[in-house]
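Working notes, beginning with the structure itself.
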Amino acid sequence: MFQTVWVSSPRSWGLRQPDCHCAGKQTSWKCGFVRTINQHPCPRHDPKGPGKARMLKKIQICLCFFFVSGILYEISLLSGCFFSYMPMPKHFLTPEQVLSLGKSIIFLETTERLEPPPLVSCSVESAARTYQNRPIVLFMKGLTNDTALDLNSSYAAFSLLSSMKNVFIFPLQMETVFQETPLLQWYNQVVPELEKNWVHVSSDASRLALIWKYGGIYMDTDVISIRPIPEESFLAAQKSQFSSNGIFGFPAHHKFIWDCMENFVLKYNGNIWGNQGPFLMTRMLKTICNLTDFNGTEDHSCQNISFLNPQRFYPIPYPAWGRYYEVWDKSPNFSHSYALHLWNFMNHNRKAVIAGSNTLAEELYKAYCPTTYEDLIQNAELENFTFYEDT
């Protein structure tokens, strides 16, 4: 029989570890525990005693190590410090293991391209820097489980993003994503080749399913993060009484997202751009909230959902999207913004960030995705200059 009581180390009290008494009870101190044991009298001489004692001590040290390691791992998960104590190399983790933490920042690439352009890389990098203790997950439709994603990849952006400790790149497998959601039946019936806006529609559906299943924040790949979003359940107003779906966040299994998926299927019309995206979010928000115009920079709230002011993500509205690629006399500090949407859909790749152009977009790249700016823009400019000089 023994009794176990948690105490601090005897050394911290200035006490000496008790020796073995040849009769009666023995008190032993191991790994912060005090244990009282009824024993038979100690033999006068046991030649195997020292060896056994050393072996028992090693076993106890090992057990203590695993005990403390387990506590540290649990604390790291509870505190959100997932990347300060990674239990295994990140390339062994599955999407479910990463997303199940519920704090992911999710990006989607629903085209077949395998090389993320600089704006996509900047969006992911800026999120990784802004949310250093949260997983940043980029799903790419063009990837398969057999696609090699290592640091020696021929795609520069892959190497850049893969080297960031909290960035994960996974294949986008829509049929798996839509399992156990209202979207699965729709997906099994739709014919992508006949859809006018399939890239956008499939992205609209995927983001809803992922956020409903796992929770977190969804962001478009043309959103540059500049400071953390303090809200957990939120929609982003593109303008008064109109919600975007380019960035939103909810905990897992939130009723609003489930209702959005049901309405996605019920009111599906793939020929109308945005019908399953911003128009869906807006009409669903209007069913539960009385939307009014914004005054100043205040946010609105309805049924525990924050409807964030357009200044939070859209301080430059879409008709003025070209201003991001202009030179400003004095760059704005965007003090009321959490992130900036660069309206790449409006851009149609007509304008890009060029090293030395001094545009607002270049200043944002330098400040919030410096690795992308240096590796993908400055180096590209240098390579082009060298090429023309050689020619």
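The table for this structure:
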{"quantity": "Placed amide H near Glu326: partners under 5 Å, 5+ positions off or other chain", "calculated": "Leu360, Ala361"}
{"quantity": "The range 93-384 - share of DSSP beta bridges that are antiparallel (%, nearest 5)", "calculated": "50"}
{"quantity": "For Cys302, distant residues with modelled amide H under 5 Å away", "calculated": "Phe307"}
{"quantity": "Sequence of Met346, Met174 when ordered by accessible area, the most exposed leading, probe 1.4 angstrom", "calculated": "Met346, Met174"}
{"quantity": "Burial ranking of peptide ranges 227-234, 212-219 (average Cβ count within 10 Å, highest at the top)", "calculated": "212-219, 227-234"}
{"quantity": "Thr176 accessible area, assembled protein chains, probe 1.4 Å, Å²", "calculated": "70"}
{"quantity": "Linear extension gain, Met346 paired with Asp299, 0.36 nm per residue minus alpha-carbon span", "calculated": "14.3 nm"}
{"quantity": "Accessible area of the range 93-384 divided out per residue, in Å², using a probe of 1.4 angstrom", "calculated": "45"}
{"quantity": "Accessible surface of the range 93-384 [probe 1.4 Å, protein heavy atoms]: carbon and sulfur percent", "calculated": "48"}
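The values are calculated or read from the model by the stated rules, or taken from the named source; none is laboratory data. Quantities reported herein were computed from a predicted structural model and do not represent experimental measurements. Positions of Cβ are generated from backbone atoms using ideal geometry, with glycine treated the same way; all protein chains shown enter the neighbour counts. Surface areas here come from the heavy atoms of the whole protein model, side chains and all, with no ligands, DNA or RNA. Shrake-Rupley method; radii C 1.70, N 1.55, O 1.52, S 1.80 Å.
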